[in-house]
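Computed from the coordinates by the stated procedures, all read-outs in this text should not be read as laboratory data. Note that the structure is predicted; figures quoted are calculated from it, not measured. Here the Cβ is made from the backbone with ideal geometry for all residues, glycine too, and neighbour counts use every protein chain on show.
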Amino acid sequence: MADKTPFDEMYNPDGSVREPYRALAGWLAEQPDKALALMQTDAEAIFRRLGITFAVYGSDEGTEKVIPFDVIPRIIAANEWRRLSKGIEQRVKALNAFLYDIYHRQEILKAGRVPEKLILNNAAFCPQMMGLNPAKGVYAHIIGVDIVRVGPDDFYVLEDNLRTPSGVSYMLEDREAMMLLAPDLFHRSKVAPVENYPENLRRTLESVAPDTVRGSPNIAVLTPGIHNSAYFEHSFLADQMGAQLCEGPDLFVDGGKVYMRTTTGPEQVDVIYRRIEDDYLDPLTFRPDSMLGVPGLFDAYRAGNVTLVNAPGTGIADDKAVYTYVPDIIEFYLGEKALLQNVPTYNCTDEDQRAWVLENIADLVVKEVHGSGGYGMMVGPTATKAQHAEFRKKIEARPDNYIVQPTLDLSTCPTHISGDVAPRHVDLRPYVLIGDEVRITPGGLTRVALKKGSLVVNSSQGGGTKDTWVLED
Amino acid sequence: MRIDIEHKLTLSLQPGTVHAVLHLLLTPPSGPSQTVESWSVEIAGIGNAGRFSDAYGNAVHLVNQSRPEGDILVAARGVISTRDTNGVLGKPGGEPVPSLYRRVTPLTKAPVTLYGKFRNAKESRLDVLHALMGRIGETLGQPETEDAPTQMQATGEQAQSQSSGEAPELPPAADYAHLFIGAARALDIPARFVCGYVAEGDGPAAGLHAWAEAFDDRLGWIGFDASHQLCPTERYVRLAVGLDAESALPLRTVPVGDITQKAVVKAV
């Protein structure tokens with residue numbers, strides 16, 4: 001991390017091309033001038049036609065943006081992916097075991113491997129889940145693991161997303177667009193397919209239907225509605241899976257079972273892929289002012305008559321303060337060492353570490369424990385002196401509210417920037433499905449910081465996406 | 001002691017309510033201190049109710065009604081035989097791990113002045129809990145001896161606003177329980193809220209009542225009624241438990257309506 005030249009995934013430091021990028025390099029060299037620029041224009045048109053837009057909060061109604069798509073794919077070699085996916089599988093299994101444990105006997109707390117207070121008094125811990133046995137013992141069925149790469153063999157997990165991770169529709173549409181834009185490129189490489197994600201999602205959801213369901217389970221996707229920034233994705237996935245897309249008022253609870261209002265009468269629902277946050281799921285159990293949820297839904301879930309995907313209370317496993325314990329969690333439940341590394345994280349409640357953090361804040365990343373989407377966060381190297389001072393004060397006032405990490409030099413990938421190709425920083429969010437088995441879609445969503453030198457890949461802050469290729473042997 | 005209970009609740013909803021969902025914690029459990037001889041819950045739609053156990057081990061009925069006309073009436077009645085265990089319940093199975101009840105909720109926050117002096121106490125946990133109960137009695141005074149149906153839902157905040165009034169009302173039983181629970185949890189002792197019934201006799205008036213239970217590693221769960229400075233006797237019947245009054249409410253509904261309730265509790 002001290003090395004100032006970031007790892008480039010395409011070029012070795014001597015300028016030679018890394019193995020997985022050979023075919024791409026050849027193809028790029030053959031492209032006439034302006035070919036990439038033309039592709040970029042076509043890509044924009046394709047995305048508009050596919051209807052992939054996202055609403056920008058706070059802007060005028062109808063302002064829908066297309067997330068910038070970069071026409072140069074990001075490529076991961078088969079052996080690299082095997083290692084990565086093993087590490088991911090290990091992680092999601094351990095996190096589900098952790099969730100089962102803390103909502104039952106809490107052995108890991110008794111053993112003192114994770115501090116009890118950190119869990120029990122955490123806002124993300126859901127006491128209503130105690131003793132509930134979800135189908136197949138799975139709590140988090142859909143997980144997006146945010147991974148960054150800093151070297152040929154160095155991958156770090158930045159964050160585990162176990163609530164309602166989004167973005168998978170971009171992964172799918174990026175591939176579709178790429179196949180339309182450069183079909184010839186796919187002839188030169190064997191690329192693992194991602195198109196079966198909706199089918200795998202459906203299989204996963206079916207596999208966790210309540211035991212009492214006979215025949216094919218009835219699946220619904222529950223969305224907060226058209227004003228949600230991910231509404232497109234909700235309707236897209238429902239459509240792709242052949243499931244019903246519904247909002248809270250479309251569902252009701254009767255006799256402890258959940259039904260959907262349809263033109264031909266009520267239809268019982270067995271599995272709900274909900275994209276509504278825990279707090280808003282059910283005004284009877286959670287926030288009483290929720291207009292988005294279904295009254296009695298959680299009770300129907302507790303009664304075993306419906307499966308909620310993901311289960312409420314999974315957020316405790318991706319809490320930023322719990323994150324630092326994931327290597328211990330893996331050891332505790334699986335008896336294995338973590339295959340994927342965590343980003344080193346400083347604990348500000350420790351006096352020595354805090355002193356060091358305050359001194360070196362300009363080089364560090366500070367994150368609020370309960371923040372997300374880049375809010376309540378400071379990236380030392382790009383922040384102003386005033387911001388450094390502000391965060392020093394914040395940490396001193398509430399050391400337990402922040403975690404601090406070194407600034408990681410994310411790997412770069414060649415990216416099309418106004419007619420040229422230049423390296424830009426990327427991250428990776430693979431999508432994992434957990435039901436009767438663990439299904440990891442090869443690759444995932446690559447986000448790219450389009451601004452030179454920028455490490456911020458969030459689409460809300462000028463990030464774009466790339467099609468992500470996992471090569472097959 | 002055999003105790004006959006009749007608990008009636010009336011829910012008034014806004015006229016025009018299309019769909020009402022009711023979450024009932026109206027089924028007392030059998031346990032070390034009590035055996036349910038007979039019990040029934042009556043409400044329109046009970047035959048079709050969802051039945052399950054909640055996170056705290058309470059038996060729940062989920063009842064829904066479409067286009068209810070007028071008030072919704074609920075009646076729970078039956079006979080419970082009780083035993084005097086000096087408030088000690090032991091460690092019955094089928095309950096969540098006691099450590100769950102170290103979670104602090106908005107209703108269960110106690111000032112450090114209440115429990116601070118017990119922090120490094122040399123006494124046994126049992127002695128500390130008794131001393132804590134005494135301290136809460138000194139702090140809040142004796143409650144009025146009316147029954148507590150409407151007091152069940154009172155929060156700490158309400159108690160505060162009441163006590164700032166001209167003629168301060170004494171806090172209801174739920175506030176004693178919340179303070180006790182908050183202080184116990186601050187001392188790392190698991191403690192939970194109990195909603196139940198009391199038959200006539202010394203101490204609280206007959207009817208619906210609330211108290212607390214704390215966990216001792218040796219004896220298991222032990223009841224403490226700080227409002228009357230005693231451990232539950234054979235006159236006490238446990239109905240439901242939770243982290244605080246909110247999670248142990250006998251009736252919770254969507255939409256929210258006005259609830260009036262009365263429990264007639266008699267030794268037979």
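Worth a mention:
- As a proxy for reagent exposure, A:Val114, B:Val268 were ordered by neighbouring Cβ count within 10 angstrom, fewest first; the result is B:Val268, A:Val114.
- With a Förster radius of 56 Å applied to the beta-carbon distance between A:Lys385 and B:Ser38, the computed FRET efficiency rounds to 0.15.
- Label-to-label distance, nm, for residues given as A:Arg398 and A:Met377 (7 Å Cα→Cβ offset): 1.8
- B:Val265, A:Val294, A:Val213 arranged by Cβ crowding within 10 Å, fewest neighbours leading: A:Val213, B:Val265, A:Val294
- GNM top mover of B:Leu100, B:Leu239, B:Leu25 - chain B, alpha-carbon springs below 10 Å: B:Leu100
- Full-extension gain in nm, B:Thr139 to B:Lys8, via 0.36 nm per residue minus C-alpha separation: 43.8 nm
- Put simply, when A:442-450, A:219-227 are sorted by average Cβ atoms within 10 angstrom per residue, most first, you get A:442-450, A:219-227.
- 10 Å Cβ neighbours from other chains, averaged over peptide A:34-47: 0
- Peptide A:103-110 shows a mean partner chain C-beta count of 2 within 10 Å per residue C-beta.
- Here r is the Cβ-Cβ distance between A:Arg83 and B:His19 and R0 is 56 Å; the resulting FRET efficiency, rounded to 0.05, is 0.60.
- Straight-line cross-link reach from A:Lys110 at under 19 Å between alpha-carbon atoms covers these lysines, not counting any fewer than eight positions away in the same chain: B:Lys91.
- Pairwise FRET efficiency - A:Glu437 versus A:Asn196, Cβ, R0 = 22 Å, nearest 0.05: 0.95
- Likely footprinting exposure, A:Glu336, A:Glu331, A:Glu233, fewest C-beta neighbours within 10 Å first: A:Glu336, A:Glu331, A:Glu233
- Three-way shape call for the protein assembly as shown based on the alpha-carbon gyration tensor, with the a/c threshold at 1.5: prolate
- Cβ neighbours within 10 Å from other chains - mean over B:44-56: 5
- Using the Karplus relation 6.51 cos²θ - 1.76 cosθ + 1.60 with θ = phi - 60°, the per-residue 3J(HN,Hα) values for the stretch A:450-465 come to 6, 7, 4, x, 6, 10, 9, 9, 4, 5, 5, 10, x, x, x, 10 Hz, with x marking Gly and Pro.
- Violating pairs (Cα-Cα greater than 25 angstrom) within the set A:Lys320/A:Lys393; A:Lys34/A:Lys452; A:Lys65/A:Lys190; A:Lys86/A:Lys452; B:Lys8/B:Lys266; A:Lys117/A:Lys394: A:Lys65/A:Lys190; A:Lys86/A:Lys452
- Whole-angstrom gap from the stretch A:273-302 to the stretch B:12-29, using each part's C-alpha centre: 16
- In nm, spacing of pseudo-spin labels at A:Glu336 and A:Asp279 (7 Å Cα→C-beta vector): 3.6
- Between B:Glu123 and A:Gln461, the distance separating the two model label sites (each 7 Å from Cα on the Cα→Cβ line) works out to 5.5 nm.
- Prolate/oblate/rounded call for the stretch B:185-255, Cα gyration tensor, a/c under 1.5 rounded: oblate
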